[in-house]
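To start, the structure itself, in structure tokens.
The values are calculated or read from the model by the stated rules, or taken from the named source; none is laboratory data. All of these numbers come straight from a predicted model, not from anything done at the bench. Here Cβ is always computed from backbone atoms with ideal geometry, including for glycine, and neighbour counts include all displayed protein chains. The protein model used for the area step is the full one, side chains on, heavy atoms only, and it has no ligands, DNA or RNA in it. Shrake-Rupley method; radii C 1.70, N 1.55, O 1.52, S 1.80 Å.
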Amino acid sequence: MRDVLIGTTNPAKIEYFQEILFGYDVNFLKLKDLGITCEPEEQGLTPKDNALLKAGFYGQYFDSVICHDSGLYFRELALDDRRQPGLNIRTPGGKARLNDEEMIAYYAELIHSLGGKVSAYYLNGFAVYNKGMIHSYMEDIEMKKRDAFYMVDTPSPKRQAGSPLDSLSLNRDGRTYFVDAQDTDCGGQDGGVSRECEERIVEFFTASLGLE
């Protein structure tokens, strides 16, 4: 059994890693299992940059680490628009870090100002620290734009800890929220991940960690 540290405190991300690598000979450790309370500064320009920063940082504490970072983008906004979430999903517009409910309120108001419904996509970056070597992978931006989903200004009453925007995000049927369904091709702050995208992510992790 291979021990692998998950470099995040986000419960939704931890659950996601456990799900996509279920069945592999790996035992996941959490930061709290090793008493790690400090976090790296995320100053990268892309999700992959920040995932690499995290992997290098947590690699100081353990031999095998997996990390993730994500950016959220609204197609209705220019990339340089100050309202564009980008990499600052929890600190939009230079705000102090928002908790889950504050995020829902902030983005519901923003989406309302944009007409009540926006086309959105997450762009995800991943990194692995494995015995002194760091590997990285970022999703294809054109594929993510193609798989964009809708976010609306009326939240579901349901909540997913660590992924509050699932309460504003609609599945491909256009009627149910991410939080309403467990088995869909969308969901989570991992970002509306299609089956094709997920297969590539799994291939990256298994190859980087040497899993069978």
Next item on the list: Please tell me if Asp69 is of a type in the set (D, E, K, R), within 22 Å of Ile134 (Cα to Cα), over 18 Å from the mean Cα position of the chain (by Cα) and in a strand (DSSP E or B).
Entry: no
Margin query: Cβ contacts < 9 Å: first residue at positive phi and open to solvent by 10 Å² or more (accessible area, probe 1.4 Å), restricted to the stretch 157-178; second residue at pLDDT 95 or above and not in a helix (DSSP H, G or I), any location; separation 6+ or different chain. Result?
Written below: Gly174/Tyr150
Check: Taking the stretch 181-198 as the region of interest, how many residues are modelled with pLDDT of 80 or more and open to solvent by less than 60 Å² (accessible area, probe 1.4 Å)?
Finding: 2
Notebook entry, point to check: Does Phe57 meet the test of being open to solvent by 20 Å² or more (accessible area, probe 1.4 Å), out of contact with any helix residue (DSSP H, G or I) (no Cβ under 8 Å at 6 or more places or on another chain), aromatic (Phe, Trp, Tyr) and assigned to a loop (DSSP other than H, G, I, E, B)?
Noted result: no
Item checked: Number of the condition not met by His135 [criteria: (1) open to solvent by 30 Å² or more (accessible area, probe 1.4 Å); (2) in contact with a Leu (Cβ under 8 Å, 6 or more places away or on another chain)] -> (2)
Check: Of the residues in the stretch 141-155, how many are open to solvent by 30 Å² or more (accessible area, probe 1.4 Å) and either in contact with a helix residue (DSSP H, G or I) (Cβ under 8 Å, 6 or more places away or on another chain) or assigned to a helix (DSSP H, G or I) (or both)?
Finding: 7
Next item on the list: Scan the stretch 87-132 for residues that are part of a loop (DSSP other than H, G, I, E, B), within 20 Å of Gln160 (Cα to Cα) and open to solvent by 60 Å² or more (accessible area, probe 1.4 Å) and jot them down.
Entry: Asn88, Arg97, Asn99
